[in-house]
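Here is the structure we will look at.
The values are calculated or read from the model by the stated rules, or taken from the named source; none is laboratory data. All values reported here derive from a predicted model rather than from experimental measurement. Quick reminder, even Gly has a Cβ in these numbers, built from the backbone with ideal geometry, and neighbours come from all protein chains shown.
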Amino acid sequence: MAALIEGDDGLPAETVHGWAKVKHDRLRRYLDISRSARKQFLTGQSKSATLVDLFCGTGRACVEETGEWIDGSAVAAWKISREGAAPFSRVYVADIDDARRAACVERLRRLDAPVSELAGSAIQASSQFVSDVDPYGLHFAFLDPFSLGALDFRIIQSLARLRRIDMLVHVSVMDLQRNLSANLDPDAMAFDQFAPGWREGIDLERSRFEVRRQVVDYWRKLVSGLGKHPSDEIELITGDGGQRLYWLLLVAQHKLAHQFWQATAGGKQTSLRF
């Protein structure tokens, strides 16, 4: 993790690259487009529509290239839900780094968000979240890990126990491409965490292109086996030089959620490319 800096509000903050703005724009747009569905659960019997951000960071960041200050994902999500008159009934935040998590919690409290703090790893936090929320509510998870291995499949397994949960997921293309050789090493753990059992599901004698495709296809099958379906439409986030960084895709059970995701990027999504 990079060193913390002082934020423009006096709390600890982080430095990010400009592409974080694209990611947070898609998060806000999805939550705004889906606000009518959220309202139904906020006013219905459960009165429960929650957000969980399992890699929340500090909640505030400075864009390295421009010096612009932007909200982190959990703060941005809370603000757009409130602006759309469908504020989350509770916002859960987790980060394995205590200082980052504490800063995010304080920023949300200053915005009068009904925030709950989940300590420990994302694996531990996801299990705690599922145990805490109303099983009949509508829930949304933002999974924005710092690497492919950090997107441990046990996180998705825990969240998938909820009947109604949509997950916006960051899958690292960079790890699949640049770090493929290292991740294929028998002692490497990233692919085992991301897609357990992958070695039995792919042919390592194929081309590097095919190996990457098979790993992701295997992961998608694992997720679908939980009754939650990864979207066919994805958005590729690139760096300033056009380098492929990560995919954003939706994991959800209900067709309506996938329709919301299709509308989020306004036709900028494509199928998976390796």
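Worth a mention:
- Being surrounded by 22 or more Cβ atoms within 10 Å (Cβ to Cβ), more than 30 Å from G137 (Cβ to Cβ) and in contact with a helix residue (DSSP H, G or I) (Cβ under 9 Å, 6 or more places away or on another chain) holds for only one residue in L168, L176, L184, and it is L176.
- Options V169, V115, V133, V173; residue that is touching a Leu at 6+ places or on another chain (Cβ under 8 Å) and modelled with pLDDT under 95: V173
- Leading residue by the ranking (nearest to W261 (Cα to Cα)) among those in the range 110-150 that are β-branched (V, I, T) and in a helix (DSSP H, G or I): V130
- Selection count, the range 129-174, where residues are among the polar types (S, T, N, Q) and touching a residue at least 40 places away in the same chain (Cβ under 8 Å): 3
- In the range 3-21, the residues that are farther than 14 Å from A103 by Cα form Cβ pairs under 8 Å with partners that are β-branched (V, I, T) and outside any strand (DSSP E or B), at six or more places apart or across chains, as follows: G18/T66.
- Any hit, the range 179-196, residues being more than 25 Å from K255 (Cβ to Cβ) and either assigned to a strand (DSSP E or B) or touching a Cys at 6+ places or on another chain (Cβ under 8 Å) (or both): no
- Residues satisfying the criterion are present in the range 68-85 (criterion: assigned to a loop (DSSP other than H, G, I, E, B), among the aliphatic types (A, V, I, L, M) and either out of contact with any strand residue (DSSP E or B) (no Cβ under 7 Å at 6 or more places or on another chain) or closer than 15 Å to S116 by Cα (or both)).
- Residue within the range 151-161 that is part of a strand (DSSP E or B) and hydrophobic (A, V, I, L, M, F, W, C) present: no
- The lone exception for K47 - which of (1) at positive phi; (2) buried (at least 21 other Cβ atoms within 10 Å of the Cβ) it fails: (2)
- Checked against the criterion of being modelled with pLDDT of 95 or more, of a type outside the set (S, T, Y), crowded, with 17+ Cβ neighbours inside 10 Å and at positive phi, the candidates G10, G84, G59, G67 yield just one match: G59.
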